[in-house]
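The values are calculated or read from the model by the stated rules, or taken from the named source; none is laboratory data. None of these values were measured; they are calculated from a predicted model. Note: ideal-geometry Cβ built from the backbone for every residue, glycine included; neighbour counts use all protein chains shown. Accessible surface areas use protein heavy atoms only, side chains included; no ligands, DNA or RNA. Shrake-Rupley method; radii C 1.70, N 1.55, O 1.52, S 1.80 Å.
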Amino acid sequence: MSTTSSPPTIKTASYWPLLLAATAMLMITMGIRQSQGLFVKPIGQSTGLGIAEISFALAIGQFVWGAVQPVFGALADQRGPGRVLVFGGVLLIAGMGLTPFVSSQWGLMVTLGLLGAAGAGAGSFSILIGATAQRLPAEKRSMAAGFINAGGSLGQFVFAPLVQAVIAASGWMMAMWTLAVAAIATLPLAWPLRRRTAAVAPGSIAAAPAAEIGLRAQLRVALRDPSYWMLHVGFFTCGFHIAFLVTHLPGEIALCGLSDNVSAVSLALIGLFNIAGSLAAGWLGQRYRMKHLLALMYASRAAMIAIYLISPPTPLTFYLFAAGLGLTWLATVPPTAGLVGKLFGPRYLGTLFGLTLFSHQIGGFFGAWFGGIAMAEFGDYTWMWYADIVLALLAAVANLPIREAKPVMTGLAPAKA
């Protein structure tokens, strides 16, 4: 790596408001998204819709959430993230606020599947991590991504029991309106993130020309790279797994004759333990090859599901299962984003990581939808659990061939040639 001069990055003290704003925004958007599985049963009871119909509407939301991220990421990369984040906040408020007024599958597809999902996507990983990565030195990006990612996990920990409590006390409609009110807080949080950063942080491990070429040229480079496609394969599986669980874990718990409170506590535990998992993934990504971290996390999911399937269906089993899953739940995001940044630089990270997230959500679409179909056709989720194990093992293998240089141990100082 050459020692040519690079544009200065912002000082350590000044990027904390940026990180905290991004973390708080992800806490809200992901907290809202990851608690929607708690609405499946009450919406079905209120509207008469079947689980397959509601699951399909939520599956559309999984797809839309991923599809909008490369689009919004490109807009944020080129014009700045501020307007994208505000627009997303408005969509999220509208989606949550209008859902209680609809009672058909098409209505749910518009409110939860389109408006709410697009709004949450505009305030999600690709835009938030991309906005901060361009303003940080390379050796801080993995840890920053883990810190921001932990905000999404904190949101799940906070929102899941809150939503269940409101549903129990005042019904699902009031709980949905509560989420709409919470989404209003995303609007002022967009202010610290509003600026587009032209300078690229020094010390990038990726090829430097990524900051000097246009978006289309960068996309052509990325789409010809087998390592980039391997990331997509792994993230597709991650999306399938997470969407299935966040949508249908409450249904699985109900099949075991356990209360809705067990569902809420389990979802909250996933979020709580993923705070530690996300921070650990960000820290480890500075010291070890991120592809190995990803392979290990995917393989561990297969092992945990296998253990769950042979365990007694008690509350303790679900709590331990949730805690174990939580350690890797969204902890795949920091190393995946970090690998995209390593391969291609931070300039178009919002776009390139957004495309990876789109693959994640294509998997999410099938995970949420097939879970509903499995329940409607077979009366349980057995075949989905088997599919999860197979896909997790495939994802672990797919990450191993990714080209990645060994991290340079520099502590907190920028790497030198």
Review point. Using only helices, what value at 222 nm comes out for the chain when you add -39,500 (n - 2.57) per DSSP H run of length 4 or more and divide by the total residues, to the nearest 500 deg cm²/dmol?
Key: -24500 deg cm²/dmol
Review point. Once phi is turned into ³J(HN,Hα) by the Karplus curve 6.51 cos²θ - 1.76 cosθ + 1.60 with θ = phi - 60°, what whole-Hz value does each residue of the range 103-111 show in order, with x for glycine and proline?
Key: 9, 10, 4, 4, x, 5, 5, 6, 6
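Which order do W16, W172 take by accessible area at a 1.4 Å probe, largest first?
Ranked list, largest accessible area first: W16, W172.
Using the per-residue mean of other Cβ atoms lying within 10 Å as a proxy for protection, in what order, highest first, do the peptides 252-263, 59-70 fall?
Ranking, from highest mean packing down: 59-70, 252-263.
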Study note, to complete from the structure: Carbon plus sulfur, as percent of the 1.4 Å-probe accessible area of the chain, comes to 71 percent
Exercise for review: Using packing as a proxy for protection, rank 236-242, 20-26, 222-228 so that the peptide with the highest average count of other Cβ atoms within 10 Å comes first.
Suggested key: 236-242, 20-26, 222-228
Point to revise | Added length on full extension, which subtracts the Cα-Cα distance from 0.36 nm per residue, T314 to A254 | key: 20.5 nm
Point to revise | the range 351-380 versus the range 25-83: alpha-carbon centroid distance in Å | key: 12 Å
Revision key, fill the gap. Most packed first (mean Cβ within 10 Å per residue), the peptides 295-306, 375-386 order as 295-306, 375-386
Review point. Any idea what angle helix 382-399 forms with the longest principal axis of the chain, computed on alpha-carbon atoms, 0 to 90 degrees, nearest 10?
Key: 0 degrees
Revision key, fill the gap. So V390 and L20, fully extended at 0.36 nm per residue minus their Cα-Cα distance, gain in nm 129.5 nm
Check your understanding: (i) 64, 43, 35; (ii) 62, 53, 39; (iii) 84, 47, 43: which one is Cα extents along the principal axes in Å as calculated from this entry?
Key -> (i)
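If the only charges are +1 at each Lys and Arg Cβ and -1 at each Asp and Glu Cβ, what is the size of the charge dipole of the range 14-142 around the Cα centre, to the nearest 20 debye?
260 debye
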**Study point:** Rounded to whole Hz, the Karplus (6.51, -1.76, 1.60) HN-Hα couplings of the range 257-268, x for glycine and proline
**Key:** x, 9, 7, 5, 5, 5, 4, 5, 5, 5, 5, 5
Exercise for review: Counting only C-alpha contacts under 8 Å and six or more residues apart, can you give the relative contact order of the chain as a whole percent?
Suggested key: 29 percent
Check your understanding: Can you give the FRET efficiency for F378 and D225, using 1/(1 + (r/R0)^6), R0 = 45 Å, r = Cβ-Cβ distance, to the nearest 0.05?
Key -> 0.65
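Any idea of the accessible area per residue across the range 326-406, 1.4 Å probe, to the nearest Å²?
Here the per-residue accessible area is 33 Å².
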Practice item. Using the Cα centre as the reference, give the magnitude of the dipole from point charges on the C-beta atoms of the chain (Lys, Arg: +1; Asp, Glu: -1; all else neutral), rounded to the nearest 20 debye. Key: 1660 debye
Point to revise | Net charge dipole size for the range 275-417 [Lys, Arg +1 and Asp, Glu -1 on Cβ; Debye, nearest 20] | key: 900 debye
